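Just below is one structure, and these are the notes that go with it.
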Amino acid sequence: MSGSVITVAMPKGRIFGDACRLLRDAGFSLPVTFETTRKLILDLDTAPFRFILAKPVDVPTYVEYGAADIGIAGKDVLLESGRDVYEMVDLGISRCHMAVAGLPGHRSKNPYLKIATKYPNIASDFYRRRGEQIDLIALNGSIELAPIVGLADAIVDIVSTGTTLRENGLVEFDRLMDISSRLIVNPVSYRLKKPVIDEIVEKMIRATEGTKVGMD
Ligand code: PRP
């Protein structure tokens with residue numbers, strides 16, 4: 001962990017735009033090139049902040065190991081990874097939900113339900129709580145393919161607009177949990193840099209007020 005510079009791990013890809021907008025609303029003057037650059041480490045000229053741009057699924061790892069002091073990560077990624085980080089703020093951005101989905105009317109011929117997912121821990125936990133034994137098939141993406149081609153009986157995956165399910169003729173069977181992005185903090189950083197991290201947390205809470213409209 002570097003001196004008094006605060007390193008922020010940002011999720012590249014789909015939720016990056018939402019995260020940048022929120023940081024700007026919170027008063028961080030991110031350069032206009034922030035969203036377009038291919039650089040993976042970006043320093044702010046105006047404040048002692050360094051941003052590292054990581055794959056969303058890796059953000060909790062950078063924060064747990066202290067390579068970043070704070071980060072922005074989806075609740076899905078946090079639940080799945082079980083990383084030892086403080087979850088400080090529900091940012092209310094990149095909202096979606098986790099669901100079980102499959103072909104309408106599908107009946108399994110397998111001794112145990114075959115469930116395809118990129119969230120093996122969340123899926124196992126869900127079926128364990130229901131007292132059902134499953135065969136887990138771990139995939140890395142395009143999960144919706146699995147029931148269509150007969151690889152799995154159902155999937156456990158995130159649903160955002162519902163377009164991917166709809167366009168592939170799948171339906172939701174169960175809704176597991178609501179998901180949104182969270183501000184996470186490394187526990188040691190929090191001890192060592194509490195005043196400045198508390199200030200960031202406050203600014204982010206204020207900036208998220210607009211994102212919470214309509215939340216349960
Ligand atoms: C996610 C998720 C679904 C899709 C849901 O995949 O796994 O496939 O988005 O979004 P929708 O409800 O708005 O259609 P992602 O785009 O991250 O890519 P992946 O297939 O590589 O996992």
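Read the figures in this text as sums done on the coordinates, not as results from a lab. These figures come from a predicted structure and were not determined experimentally. Reconstructed Cβ throughout: ideal geometry from the backbone, glycine too, with neighbour counts over all protein chains shown.
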For q = 0.19 Å⁻¹, what log10 I(q)/I(0) does the stretch 1-126 give under the Debye formula with an equal point scatterer on each alpha carbon and no solvent?
-1.08
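Could you sort out which of Lys12/Lys39; Lys55/Lys75; Lys12/Lys114; Lys12/Lys193 sit more than 20 Å apart by Cα distance in this structure?
Details: Lys12/Lys39 11 Å; Lys55/Lys75 15 Å; Lys12/Lys114 31 Å; Lys12/Lys193 25 Å.
Where the Cα-Cα span goes over 20 Å, the pairs concerned are Lys12/Lys114; Lys12/Lys193.
Charges only on Cβ, +1 for Lys and Arg, -1 for Asp and Glu: so what's the dipole of the stretch 96-178 about the Cα centre, in debye to the nearest 20?
200
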Net charge near Leu139, counting Lys/Arg +1 and Asp/Glu -1 over other residues with Cβ under 12 Å of its Cβ?
0
If the only charges are +1 at each Lys and Arg Cβ and -1 at each Asp and Glu Cβ, what is the size of the charge dipole of the chain around the Cα centre, to the nearest 20 debye?
200
Nearest 10 degrees, 0 to 90: helix 194-208 Cα axis against the chain principal axis:
60
Filter the trypsin sites (Lys or Arg not before Pro) in the stretch 69-135 down to the DSSP loop ones having no more than 16 other Cβ atoms within 10 Å, then list what survives.
Arg107, Lys109, Arg130
What is the dipole size for the stretch 30-132, taken about its Cα centre, with +1 at each Lys and Arg Cβ and -1 at each Asp and Glu Cβ, in debye to the nearest 20?
780
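For the stretch 1-85, calculate the relative contact order in percent as a whole number, restricting contacts to Cα pairs under 8 Å that are 6 or more residues apart.
41
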Where does the Debye-calculated log10 I(q)/I(0) of the chain sit at q = 0.12, 0.16 Å⁻¹, using only Cα point scatterers of equal weight, no solvent?
-0.68, -1.05
What relative contact order, as a whole-number percentage, does the stretch 96-178 give when Cα pairs under 8 Å and 6 or more residues apart are counted?
51
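For the stretch 66-132, what is the per residue volume of the convex hull drawn over the alpha-carbon atoms, in cubic angstrom?
Given the Cα convex hull of the stretch 66-132, per-residue volume reads 132 Å³.
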Please tell me the relative contact order of the chain in percent, rounded to the nearest whole number, where contacts are Cα pairs under 8 Å and at least six residues apart.
28
Rg and Dmax of the stretch 111-203, Cα atoms only, in Å
18.3, 56
Return the distance in nm (one decimal) between the two label points of a simple spin-label model at Arg14 and Ser29, each offset 7 Å from Cα along Cα→Cβ.
3.4
Between Asp178 and Glu202, what length comes free when the chain is fully extended (0.36 nm per residue of separation minus the Cα-Cα distance, one decimal in nm)?
6.3 nm
